[in-house]
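Chemist: Please read through the structure below; I'll follow up with questions.
The values are calculated or read from the model by the stated rules, or taken from the named source; none is laboratory data. The shown structure was predicted, so the numbers you read here are calculated from the model rather than taken from an experiment. In this analysis, Cβ positions are derived from the backbone assuming ideal geometry, glycine residues included, and neighbour counts consider all displayed protein chains.
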Amino acid sequence: MAQGGIIKRVLTFNGVLLVIALIDCHQEPEIIDSYLAVSSTPQGAEVYIEDTLTEYRTNCVIPDLEPGEYKISLKLYDLPEWSTIVKVEEGDTAKVDAVFPINEGAIKWVYPIGDYYRGYQPAIGPDGTVYLYKGNLFALNPDGSVKWTYSAEGSSEWATIGPDGTIYIEQNEHETAKICALTSSGSLKWKFQIDSIRAVSTAFAIGAEGTIYFAIDNYLFSLPKSWLYSLTYDGALKWKKEITYAGIPVIGADGTVYVNSRHYLYAFDPDGDLKWTYQGTDWISIPAIGSDGTLYFGEGDYLCALSPNGILKWKHQTSGTVYSPSIGSEGNIYFASTIWEWEEDEWGEEWAYPVNAYLYCFSSSGNVLWKSNLAQWSGSTPAIGSDGSIYATTFEVISHKEIQSLYAFDSEGKFKWKCDGPSTTSSPAIGNDGTIYVYGYSEFYAIQSSSFGLVSSPWPKYAHDNQNTGRWGGP
C-alpha cells in the first residue's frame, strides 16, 4: 500500500455493489519550508552561501533552505566583504541584516591634470570607464589607471557618449573646428568639418536614434555668428539653424530640441523647424525637463517653469543668480543660487564678486520647500544620488585662501559632509559603485559616497545622465 494514499475495494452484497475506501493513516510528515531573508545597507550586494555565488542580490528572500548553519557572505563593489554565520530553523525565516561601512566624502584617488583647468563635466561609460580632458581625452578605469588616450589638443571640455557607445568631442586643429566621433577603444570613426576657421563649442545632445545636436559660436567673421547643428550618427549634416548665441541643447521626450541662447530659449522639432521662441529678461540657464515636459531653468535671479509649448507657467525670484537645475524622484527641483555684489577697483572698473550661495529645493508648483547654505559661490548643477543625497560644488575664501569643495546634503537639505578640492565650475557624475567623479582646478577627483548611481528621476544631473546625452529618458 502506498503511504498517505486511499485504497478502494469493490464488494458485492446481496447483489448490491459496495465501494469501500480504506484511508491509510500512515502519511508522510508535511514538509515546512525554511527561508533566509537577506538585506543590506546599501542594497544591491551579491549573496554568497558557503562561498558559492547565488543568483540573489540584496534585499532578497531565499526559499527552500534545509535546516542548518550557513556562512553568508555579501560583496558590494570594492567595499570590504561582509560575512556571518546564520542558523536556519525548520519552518522559520532566518534574517541577515548587513551594514557596509562607507567612508563618505573620502577621496579614493586623484588624477593630476596640470595647471588650472576649467573642466566641467566628466562622462561615465556603460562599462564604468571614466572620460575626462586635460588637453587630450583620457579614458580611465574605475581605479584611476589610464585605459587609453586620444590626442585632441584644443578640444571641448567634456565628452558625450551615444547609445551605441560612440564618444563625441569637439576638436580645434590649426584653428579649424571639427566634431570627432571615437570608438569606445579610442580610435577615430569620423570627423565633421565645421564652417569656421575657429569655433567654440559647448556640449552635445544625443537623440534616441543617435542624432547629434550641438551649438557653435563661429568667429570666422568680425562679429560672431551662432548656429545649432544637427548631424546623423555617421557624421553627415542634417541641418543647421542660426541662433542668437550658442548655448547647450537638451532633448525632450517627443524629440524637441531646446537650446538656451542668452536671453532666449529656442525650441526646434527634429527636422529643424522652429516651434517657438521664449524671450526672457536676463540670461537663461540650461533647462531641465520634468516628467510632464515642463522646462525648468534659471533666468537671472528667477527660477522659471515653461510648458512644452513655450508658455510661462510660473517664475519665482530667489536671493541670487539661478544656475541650471536638476530634478528629484518626487519631481522637486534642486539648484544653486549665488548672491553677487559689485565693487569698484582703484582704476574705476567694476567687478562682481560672490557673497553667499544657497542650495534650493522647489516643488514643481513653484513653492520653496527649503534652502541650505552653500558657502560663498556655487555655479554648477547639483547631482542627485540613488539614496536621495544631493551633491553640489562650492567656492569660498577663508583667511585669504581659496577653497573649492564638494558638499553633500540629504533629501531634506541637511548637511552631510564636504570634501575639499573639487571645482565649483564642475558638476558631479555618480558611478554605480558609489564613486563621485568631479574636476578640481588642477586634479580630477574620485570620491566615495553612499549613492550607488543616480536617482531614478526625470533629470538627476547636468545633461541628464552620466553619458551626458542631454536627453529626457536617456541614455
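Chemist: Out of (1) closer than 26 Å to residue 292 by Cβ; (2) crowded, with 16+ Cβ neighbours inside 10 Å, the odd one out for residue 229 is which?
Modeler: All conditions pass for residue 229, except number (1).
Chemist: Specify which of the listed residues (462, 437, 407) is buried (at least 21 other Cβ atoms within 10 Å of the Cβ) and either not in a strand (DSSP E or B) or not assigned by TED's automatic domain parsing to the domain that holds residue 130 (or both).
Modeler: 462
Chemist: Assuming residue 392 fulfils every condition listed in (1) outside the structural domain of residue 286 (by TED's automatic domain parsing); (2) closer than 28 Å to residue 138 by Cα apart from one, which condition is it?
Modeler: Single failed check for residue 392: (1).
Chemist: Here's a follow-up. Sort out which residues of segment 441-475 are among the polar types (S, T, N, Q) and under 16 Å from residue 428 (Cβ atoms), and write them in order of number.
Modeler: 448, 449, 450, 451, 457, 466, 467, 468
Chemist: Right, residue 87: loosely packed, with under 12 Cβ neighbours inside 10 Å, among the basic types (Lys, Arg) and outside the structural domain of residue 436 (by TED's automatic domain parsing) or not?
Modeler: The answer is yes for residue 87.
Chemist: Restricting segment 424-434 to residues that are within 11 Å of the chain's Cα centre (by Cα) and surrounded by fewer than 24 Cβ atoms within 10 Å (Cβ to Cβ), which is modelled with the lowest pLDDT?
Modeler: That would be 432.
Chemist: Quick one: is residue 7 at pLDDT below 95 and farther than 30 Å from residue 385 by Cβ?
Modeler: Yes.
Chemist: Considering each residue of segment 440-459, count those that are more than 11 Å from the chain's Cα centre (by Cα) and assigned to a loop (DSSP other than H, G, I, E, B), and give that number.
Modeler: 4
Chemist: For residue 379, all conditions in the list (1) closer than 19 Å to residue 317 by Cβ; (2) modelled with pLDDT under 95; (3) assigned to a strand (DSSP E or B) hold save one; what is the number of the exception?
Modeler: (3)
Chemist: Is there a residue being among the aromatic types (Phe, Trp, Tyr), part of a loop (DSSP other than H, G, I, E, B) and either under 18 Å from residue 457 (Cβ atoms) or within 26 Å of the chain's Cα centre (by Cα) (or both) anywhere in segment 290-304?
Modeler: Scanning segment 290-304 turns up no residue that is among the aromatic types (Phe, Trp, Tyr), part of a loop (DSSP other than H, G, I, E, B) and either under 18 Å from residue 457 (Cβ atoms) or within 26 Å of the chain's Cα centre (by Cα) (or both).
Chemist: Would you check which residues across segment 441-451 are touching a Ser or Thr at 6+ places or on another chain (Cβ under 6 Å) and more than 15 Å from residue 106 (Cα to Cα) and list them?
Modeler: Within segment 441-451, just 441 meets the criteria.
Chemist: Right, something else. Scan segment 375-403 for residues that are within 23 Å of the chain's Cα centre (by Cα) and either among the hydroxyl-bearing types (Ser, Thr, Tyr) or farther than 23 Å from residue 466 by Cβ (or both) and jot them down.
Modeler: 377, 378, 380, 381, 386, 389, 391, 393, 394, 395 - these are the residues of segment 375-403 that are within 23 Å of the chain's Cα centre (by Cα) and either among the hydroxyl-bearing types (Ser, Thr, Tyr) or farther than 23 Å from residue 466 by Cβ (or both).
Chemist: Assess whether residue 79 counts as being out of contact with any strand residue (DSSP E or B) (no Cβ under 8 Å at 6 or more places or on another chain), within 30 Å of residue 442 (Cα to Cα) and among the hydrophobic types (A, V, I, L, M, F, W, C).
Modeler: Yes; evaluated as a whole, the condition is true for this residue.
Chemist: Any residue in segment 367-375 that is crowded, with 19+ Cβ neighbours inside 10 Å and polar (S, T, N, Q)?
Modeler: No, every residue in segment 367-375 fails to be crowded, with 19+ Cβ neighbours inside 10 Å and polar (S, T, N, Q).
Chemist: Here are 385, 379, 421: which of them is crowded, with 18+ Cβ neighbours inside 10 Å and over 27 Å from residue 295 (Cβ atoms)?
Modeler: Within the list 385, 379, 421, the selection yields 421.
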